[in-house]
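Have a look at the structure below before the remarks.
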Amino acid sequence: MSCGIVCTNMGVKAGKRIGVKGEIAAGAKSFVLNLGKDQANVVLHFNPRFDAHGDVRTIVCNSMDKGEWGAEQRESAFPFQEGTNVEMFITHDPSNLTIALPNNHQFKFPNRLGLQVIDFLNAEGDFTIKSIQLE
Ligand SMILES: C=CCO[C@@H]1O[C@H](CO)[C@@H](O[C@@H]2O[C@H](CO)[C@H](O)[C@H](OCc3cn(-c4n[nH]c(N)n4)nn3)[C@H]2O)[C@H](O)[C@H]1NC(C)=O
């Protein structure tokens, strides 16, 4: 069950950019941004783990298709600090999502669902969204 913000009907087409600004809680263990069609069809589950599920200062990404998790992808960069504000940008095309992080870190995650339009976004865990930009 989501306890953070939930956006639906966003209508973000390929090539458009989603900007998310928010605050990472002091003492954060983990937070999640899910983007996709809906809660069960997630093209990007973005999960920075400060210390959670056995991962320390690791970004874990995955997808969910009709409620089923895909294969995890771990990123080496971890440009996050507990108790700070952060801004991230996500764009997508038919093949990939591109995630732009602080300190000019950027990585790609495959668009496994072939999603053309991102309608859904939710945040969970130790992160409070302050603003969302659709550009
Ligand atoms: C080593 C054998 C078991 O593997 C582990 O299995 C765990 C359970 O499936 C994996 O954690 C899940 O990984 C998923 C992505 O693949 C999701 O991150 C899942 O959490 C879903 C979730 C968390 N949250 C959340 N709400 N609030 C916070 N802080 N987090 N909301 N949704 C996590 O519980 C975890 O990533 C996985 N670890 C490895 C190394 O594979």
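The values are calculated or read from the model by the stated rules, or taken from the named source; none is laboratory data. Note that the structure is predicted; figures quoted are calculated from it, not measured. Glycine gets a Cβ as well: all are built from the backbone with ideal geometry, and neighbour counts include every protein chain shown. Quick note on the areas: whole protein, heavy atoms, side chains included, nothing else; ligands and nucleic acids left out. Shrake-Rupley method; radii C 1.70, N 1.55, O 1.52, S 1.80 Å.
Restricting the search to the range 51-77, which residues are basic (Lys, Arg) and outside any loop (DSSP other than H, G, I, E, B)?
ARG57, ARG74 - these are the residues of the range 51-77 that are basic (Lys, Arg) and outside any loop (DSSP other than H, G, I, E, B).
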Residue that is surrounded by the fewest Cβ atoms within 10 Å (Cβ to Cβ) [pool: residues in the range 65-80 that are more than 11 Å from the ligand (Cβ to nearest atom) and aromatic (Phe, Trp, Tyr)]
PHE78
Test: ILE118 is among the aliphatic types (A, V, I, L, M) and either more than 19 Å from GLY4 (Cβ to Cβ) or more than 14 Å from the ligand (Cβ to nearest atom) (or both)
yes
Hey, ARG112 open to solvent by less than 40 Å² (accessible area, probe 1.4 Å), modelled with pLDDT of 95 or more and among the basic types (Lys, Arg) or not
no
Condition broken by LYS130, with the remaining ones in (1) open to solvent by 20 Å² or more (accessible area, probe 1.4 Å); (2) within 14 Å of the ligand (Cβ to nearest atom); (3) of a type outside the set (Ser, Thr, Tyr); (4) assigned to a strand (DSSP E or B) satisfied:
(2)
Count of the range 53-64 residues which are surrounded by fewer than 18 Cβ atoms within 10 Å (Cβ to Cβ) and either of a type in the set (Gly, Ala, Ser) or touching a Ser or Thr at 6+ places or on another chain (Cβ under 9 Å) (or both):
3
